[in-house]
1. Using the Kyte-Doolittle scale, which helices in chain A average at least 0.0 and also have C-alpha atoms spread 18 Å or more along the helix axis, with helices defined as whole DSSP H runs?
2. Gain in length, A:Glu261 to A:Glu202, computed as 0.36 nm per residue apart minus the alpha-carbon separation, to one decimal in nm?
3. Among A:Ala173, A:Gln194, A:Leu216, which residue has its Cα furthest toward the positive end of the charge dipole of the stretch A:122-240, with +1 on Lys/Arg Cβ and -1 on Asp/Glu Cβ?
4. Loop-only trypsin sites (Lys or Arg not before Pro) in the stretch A:155-219, please: DSSP not H, G, I, E or B, and at most 10 other Cβ atoms within 10 Å.
5. Please report the relative contact order for chain A, taking Cα pairs under 8 Å with a sequence separation of at least 6, and give it as a percent rounded to a whole number.
6. Once R0 is set to 25 Å, what does the formula 1/(1 + (r/R0)^6) return for the Cβ-Cβ distance between B:Ser42 and A:Asp51, expressed as a FRET efficiency to the nearest 0.05?
7. In a GNM of chain B with a 10 Å cut-off on Cα contacts, which of B:Arg43, B:Arg212, B:Arg89 has the highest mean-square fluctuation?
8. Averaging sequence separations of C-alpha pairs under 8 Å and six or more residues apart, then dividing by the length of the stretch B:82-199, give the relative contact order as a whole percent.
Amino acid sequence: MGKRNLRRKSQPETGRPFWSGTITFGLVSIPVNLFPASRDSRVSLRMLGPDGEPLKRDYYSAETGKELESSETVRGFETSRGKYVTVTEEELERLAPDKSRDINLRVFVPSNDISRLYFNKGYILTPADKSGKAYRLLAETMEATDRAGVATFVMHGKEYLVAILAISGILRAETLRFHDEIRTPSDIGLPRPQKPSASSVEMFSRAIRRLTKKELDLEEMHDKYAEGMRELIERKHKKHQDVVESAAPPESPAKVVDLMEVLKQSLGPERKLKRAG
Amino acid sequence: MSARAVWKGALKVGPSAIPVKLYAAVEDRKVRFHVLQDRTHSRVKQHMVRDTGEEVARKSFRKGFEVEPGAFVILKDDELNRLKPEESRDIQATRFVPHSALRNEWYERPYYLGPDEDVSKYFALVDAIQKTNKVGIVRWSMRGKAYIGALTTDDHYLLLIKLRYADEVEPARTLSAPEGTRLEPKELGMAKELVTALDGKFEPDVFHDNYRERVLTFVEAKSKGKHPRLPIVKNRATGGSLDVQLSRSLAAIKHNGEKKLA
């Protein structure tokens, strides 16, 4: 996990939707844009050279040592040790017909029926292409009936099981894990449950009641490591300690925008967002 | 069959400590590809280079945070290490809350906790959590990182779900829903009817990662020298007003006399 901190964010917050597509239920279709619901709390550091010059990751040939352009590379699946089958982006796209742009809600389930084991990543859906009315209709209906729509769809080369939920008029997509990705206690080999003594159950129940509060304490749920890093960075920046300026022009920096601002705008009355390609 | 524990610790609830082992409850089954050189099909290597393409040796890497375009504050390894949590084997329960206080957007990754030696204490806690119907908030640090988790049960075993941090979850709560003209009662009625007609249970085992399976089948065929035909991607057409779409959907369901719309 530590390694990921050092990479640049894989998803620079450029304000563009992560995915665009259509939710369908019955014959009703709702064009939507999908944005990650949670931003990453981590502080992303850049890998620099000895003089503070930004570095980038590059591919090179193991045989010739020569640098490779991305057009000189191809994706390969290892069928046996050292043997690969190559697969093109187009082939992968074509293996997923129909599903590429649709989230077809074929079943609605009670919202609380989905076990917490399944939840993976959360996204916020915003209406696109004047779909506001159908969007609000689905949100209001799901909230009134306390139902979540379940479907599979393909996004960026992977198939997802997804639950569409409505919370306070906003549609959310929660990607779910597939059944065969969840282990059971017997897969792991946990011992058979035993009947505990009534007195020790009572002892723990008392301890739980003593520790029970109505709400979460958001204070304790902060990323202390990231906060410590931000403070350290700010302190050093102010004192101009260990600050290096690179002579080389920075590689076209992606304009960082506040994800929440983008979401507020796209949920608001005027929508000028471009759909993702 | 049994899985190997990821970590060992002591779960502390009130005055009691229960020795536990941590097991991953999920396994990622994504199809993984390697990057190959297109002409030789050999694996490519990665290195870090300057803008000029010149390679830089690993031992001279430095880590920096970009404070202004092109300006970095360097963070040294010992400075970063000092920010890391202290080594500890404790999983400390800090509070218990009703299930309604922890919405699903907090959940990130589940682990099972298994008993380590003291089996009876472990199952006593399972019973107590189920009886009180609460979810515990716990903190622990593992391999130099601090975590926050939810302690709950699944099928008579303790489940520890790693949670997201507050600053990843809370901002989305400030969003307000899109506004527009009032929805017609007729449309709402039809939409409710439609959702009710498609009502079902959450049956996770009916959903398969068909795409993963197709990719694997395709790759296997290709490895045998075959060139399977692939379908052309086509877009579906829809039309009509919301009103018309709703009534057509309901008509389709009634006509088919079944719940599933193809």
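1. Flagged H segments are A:198-211.
2. Length gained, A:Glu261 through A:Glu202: 16.3 nm.
3. A:Leu216
4. Here the sparse-neighbourhood loop sites are A:Lys214.
5. Once divided by the residue count of chain A, the mean separation gives 25 percent.
6. Step by step, r from the Cβ atoms, then E = 0.15.
7. It is B:Arg43.
8. Value for the stretch B:82-199: 30 percent.
The values are calculated or read from the model by the stated rules, or taken from the named source; none is laboratory data. Predicted model only: the values in this text are computed from it and were never measured. When we count neighbours, we look across all protein chains shown, and the Cβ atoms used for this are built from the backbone with ideal geometry, even at glycine. Surface accessibility is based on the protein's heavy atoms, side chains included, excluding ligands, DNA and RNA. Shrake-Rupley method; radii C 1.70, N 1.55, O 1.52, S 1.80 Å.
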